[in-house]
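Inspection log for the structure reproduced underneath, given as structure tokens.
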Amino acid sequence: MLKEQLAVAELLRNLIRGNTEHISRVTFTPQKTAFQEEAAGRPLPRKTPESQGLSSWYLARLIEELAADERTDLHHVIVLRHGAVVAQADVAPYRRGMWHASYSMCKTVTGMAVGMLIDEGRLSLEDRIVPLLDRKLLFTGIRQKSLTVEHLLTMTSGVGFNETGIVSGDDWVAGYLQSPVKGTPGTSFSYNSMNSYILSAVVTKVTGESMMEYLRPRLWEPLGIRQVFWESCPKGINKGGWGLFISTEDAAKLGQLYLQKGSWEGRQLISEDWVEAATRKHIDTPEEMGPYGYGYQVWMGGRPGSCTFNGMLGQNVVVYPDLDMVIAANAGSDELFQNCVLLNIVKKYFEGDFTAGEALPEDPAGRRQLADVTERLAREGRRFSGTGSGCRAVRRKESRLGLAAGSAAGRWNRGKRPGTGSRLLEEENWKRILDGGVYELEQTHVGLCPLVFQVFHNNYTDGIRAVGFYCENKKFYMTLEEGETLHRLEIGFGKAAVTEAWFHEEPYLLAVQGIFTKDEDGFPVLKLDIALIEEAVRRKVKCCFRNRFEEIEMRWDETPGSRMISEGLGSLLGDSLKSGIADTIQNMVGVDLPALLVDRTIHPVVTGRRRSSLPGGKET
């Protein structure tokens, strides 16, 4: 554990100091490919809600409530009944069919792979991990040698090498097997994504294939899932507990597979015995994580026989066997486990006394209402309002360039029609003034991608050195010189503009929406909301201009943000923040460590002065 703590301490120290060079001890190799929309998978059948015993009005209210609650930051949601899609919503700028980071939701898929190997007679629950991995480690203790496949499936291994290990070096298997075991394996629940990673390593060792290769003919192809990607560790092992990109509809298929006891289109992909064992409670879980217990890489649910594939920040697949329903969702909240706002809304609608019949009379008015809700969300999304630090739910009468009520800009525009008159002229004037301007930044430790993205993908920033603005063909662009790369992002006003950006040779789609406003002193401000639409994370930045646009102050923010840091960036930094090593760092810098991390990484402020030409570099 000392090695891992030292690695995390070094990472924290570098983040605090703004050192963006050689920050990682883990070898980075570009892996992610661009999403190919033309390679979309086989769709599920579509039917009206009423034909499947559900009310269109009821589903419209569910979707509206999920989208309206700012704490969820809903991206996608899909509802299945009797195996057919009865409702689906995608909140702009998140596109239908786009794959999405699943985080820990993919642990259940890892459990499926293990179940298939057990069905094939190539693995058993009682098999011990150390012999399976064929590792002869001098420091392996008695308790580590007693670890079984079942201990990892139920999160009862007690191994101390947790998510912290992903920043400590390249050999995660060795780190896991050399770490101490707390308590007796099999006796208490301790959530640890490295258990899932080791299960993936077991699949690779037993089959000679990566877990993705093993699953391709057994899962992805039978379900018609074509656009799917799973990150690997530096040793080439799929991460198992995170790193899977999959669309919401394809994730719902995985839930439907478990609902159907492992059967798909007349073919038994996983045995019914395995599905029943996997979705049965094997261990109690902390109330704050989930109140119903844990099975084999899956959380138990509130209805009889129900279960949830749960990933942090709002990635969920809920399976209700007694209702013959599956609900899948992706979001960008700052919540980590099953006990979260999004799932609590779902429970309000489908747990308790809720029942569903086999068919209802068709309801054209209800279907129109459901269509209105989903079409509006797909068209308008959660529009950037310019009030507060984030996005706000859409209101039909909301101003296209709405300014903060009570601010100098709000008073200046009071009584004018949205998007017309002096407001529009002011926007065009600001664009004209900024056109061709570039600002050299005095602090260069901030990256375009949020900290959570950088840590979980091991893709760290080289630091933004300059930012520029220009107009071309009636479009407005922002450039950011980050390391050797020049990001060229179109800014949409009223509707986000989508641009492909590359981070160390890995492509990601960014949706950027802007709004011109003024601060409380009347100085011009450009607010930007930057959503990574394949991810659960966002960047927000306020560009404040001073001295007749000669100086810039950039105030950065991100989602998930300070709550993640205050809770120890999930389990990644939690142990180290509480350790003696972290205390030593805190004493060295003389301030509260979590607060300093927030200031340096989540809410950094950088300043710069204007020069005349656009920066050079390699354009993305």
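Got a number for residues in the range 432-482 being touching a residue at least 60 places away in the same chain (Cβ under 8 Å), of a type in the set (D, E) and either within 30 Å of V167 (Cα to Cα) or assigned to a helix (DSSP H, G or I) (or both)?
The number of residues fulfilling the criteria is 3.
Taking the conditions exactly as written (open to solvent by less than 10 Å² (accessible area, probe 1.4 Å) and either touching a residue at least 40 places away in the same chain (Cβ under 8 Å) or of a type in the set (S, T, Y) (or both)), does H82 satisfy them or not?
For H82, the condition - open to solvent by less than 10 Å² (accessible area, probe 1.4 Å) and either touching a residue at least 40 places away in the same chain (Cβ under 8 Å) or of a type in the set (S, T, Y) (or both) - is not met.
For the range 93-107, check the following and say yes or no: at least one residue is of a type in the set (F, W, Y) and either outside any helix (DSSP H, G or I) or in contact with a helix residue (DSSP H, G or I) (Cβ under 6 Å, 6 or more places away or on another chain) (or both).
yes
I'd like to know if the range 62-78 contains one or more residues that are outside any strand (DSSP E or B) and among the basic types (K, R).
yes
Go through (1) open to solvent by 10 Å² or more (accessible area, probe 1.4 Å); (2) of a type outside the set (V, I, T); (3) in contact with a helix residue (DSSP H, G or I) (Cβ under 6 Å, 6 or more places away or on another chain); (4) under 24 Å from D134 (Cβ atoms) and name the single condition P234 misses.
Every listed condition holds for P234 apart from (3).
The conditions are (1) in contact with a helix residue (DSSP H, G or I) (Cβ under 9 Å, 6 or more places away or on another chain); (2) touching a residue at least 40 places away in the same chain (Cβ under 8 Å); (3) open to solvent by less than 30 Å² (accessible area, probe 1.4 Å), and T308 fails exactly one of them. Which is it?
(2)
I want to confirm something. Restricting to the range 181-231 and keeping residues that are of a type in the set (V, I, T) and out of contact with any Gly (no Cβ under 9 Å at 6 or more places or on another chain), which single residue is surrounded by the most Cβ atoms within 10 Å (Cβ to Cβ)?
Ranking the qualifying residues of the range 181-231, first place goes to V202.
Scan Y197, Y191 and give me the residue that is in a loop (DSSP other than H, G, I, E, B) and either within 12 Å of K107 (Cα to Cα) or at pLDDT 95 or above (or both).
Unique residue meeting the criteria: Y191.
Could you please give the count of residues in the range 272-301 that are part of a helix (DSSP H, G or I) and either open to solvent by 10 Å² or more (accessible area, probe 1.4 Å) or among the acidic types (D, E) (or both)?
So the count comes out to 5.
When only residues in the range 85-124 that are touching a residue at least 12 places away in the same chain (Cβ under 8 Å), surrounded by fewer than 24 Cβ atoms within 10 Å (Cβ to Cβ) and charged (D, E, K, R) count, which is nearest to L259 (Cα to Cα)?
Residue satisfying both the conditions and the ranking: D119.
Of all residues in the range 497-508, which are in a loop (DSSP other than H, G, I, E, B) and loosely packed, with under 15 Cβ neighbours inside 10 Å? Don't jump to the end; show me each part of the working.
Taking the range 497-508 and keeping what is in a loop (DSSP other than H, G, I, E, B), we get 504-505.
Listed by number, the list holds a single entry, E505.
It is to be established whether one or more residues within the range 487-496 are part of a strand (DSSP E or B), buried (at least 17 other Cβ atoms within 10 Å of the Cβ) and in contact with a helix residue (DSSP H, G or I) (Cβ under 8 Å, 6 or more places away or on another chain).
yes
Provide a single number: the residues in the range 34-63 that are open to solvent by 70 Å² or more (accessible area, probe 1.4 Å) and under 23 Å from L313 (Cα atoms).
Counting residues in the range 34-63 that are open to solvent by 70 Å² or more (accessible area, probe 1.4 Å) and under 23 Å from L313 (Cα atoms) gives 1.
Return the residues of the range 109-149 that are at pLDDT below 95 and part of a helix (DSSP H, G or I); say none if nothing qualifies.
If the condition is that a residue be at pLDDT below 95 and part of a helix (DSSP H, G or I), then I129, V130, P131, L132, L133, I142, R143, Q144, K145 are the ones that fit.
Of the residues that make up the range 387-402, is at least one buried (at least 16 other Cβ atoms within 10 Å of the Cβ) and either more than 21 Å from L526 (Cβ to Cβ) or at pLDDT 50 or above (or both)?
Yes - at least one qualifying residue is present in the range 387-402.
Whether any residue in the range 255-271 is under 18 Å from S193 (Cα atoms), of a type outside the set (K, R) and buried (at least 20 other Cβ atoms within 10 Å of the Cβ) is what I want to check.
Among the residues of the range 255-271, not one is under 18 Å from S193 (Cα atoms), of a type outside the set (K, R) and buried (at least 20 other Cβ atoms within 10 Å of the Cβ), which makes the answer no.
The values are calculated or read from the model by the stated rules, or taken from the named source; none is laboratory data. A quick note: this is a predicted structure, and the numbers were derived from the prediction, not measured. Using ideal geometry, Cβ is built from the backbone for each residue, glycine included, and neighbour counts are taken over all protein chains shown. Note: areas computed on protein heavy atoms with side chains; ligands, DNA, RNA excluded. Shrake-Rupley method; radii C 1.70, N 1.55, O 1.52, S 1.80 Å.
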